[in-house]
Amino acid sequence: MNTEHYAEQLRALRADLLARHERLDGHLHHRDGPVSADSTEQATERLNDDVVAALDDGVRRELFAIDAALERIDSGSFGICSVCGNAIEPARLEVIPYATACVGCKEAAAD
């Protein structure tokens, strides 16, 4: 398996996600501008902050998964299903390069 191909994909995805995290974090910490003085607008901003925080949580989880996949590449265990120990399908890794389970085990877990 050409792990360098996946490492490049993972590093590019990681860079994109870090940029997205910075934008979301900037919004959450109001680096784009001060909080509105209008109480109605503040309520809307708080609701928006909740949505942005949820998006940022997803980005951070994906970053964690990418870092773990890069560690698996370094350790030689990349592309091996963590459940059954068989190889994860290359087509699955093309779509989700940080996948930890093969399609069969992932489907079995969803049932």
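The values are calculated or read from the model by the stated rules, or taken from the named source; none is laboratory data. This is a predicted model, so every value here is computed, not measured. Because the Cβ atoms are built from the backbone with ideal geometry, glycine has one as well, and the counts that use them run over all protein chains shown. What goes into the accessible areas is simple: the full protein's heavy atoms, side chains included, and nothing from ligands, DNA or RNA. Shrake-Rupley method; radii C 1.70, N 1.55, O 1.52, S 1.80 Å.
Some observations on this one:
- Solvent-accessible surface of region 71-111, averaged per residue with a 1.4 angstrom probe and all protein chains in place: 62 square angstrom.
- For ILE80, nonlocal amide neighbours, meaning residues 5 or more places apart or on other chains whose placed amide H falls under 5 Å from its own, are ILE88.
- Phi to ³J(HN,Hα) by Karplus 6.51 cos²θ - 1.76 cosθ + 1.60 over region 79-84, Hz, x for Gly, Pro: x, 10, 5, 6, 9, 9
- Residues in region 54-89 reached by a label modelled at MET1 [backbone nitrogen below 18 Å; 7 Å Cα→Cβ]: 65-89
- Here the 3J(HN,Hα) profile of region 100-111, calculated from phi with Karplus coefficients 6.51, -1.76 and 1.60 at θ = phi - 60°, is 10, 9, 6, 4, x, 5, 5, 5, 5, 5, 6, 6 Hz, Gly and Pro shown as x.
- Modelled this way, with points 7 Å down the Cα-to-C-beta line, the labels at ILE96 and ARG61 are 1.1 nm from one another.
- Vicinal HN-Hα couplings computed from phi for region 55-67 (Karplus, 6.51 cos²θ - 1.76 cosθ + 1.60; Hz; Gly/Pro x): 4, 5, 4, x, 4, 5, 5, 5, 4, 4, 5, 5, 4
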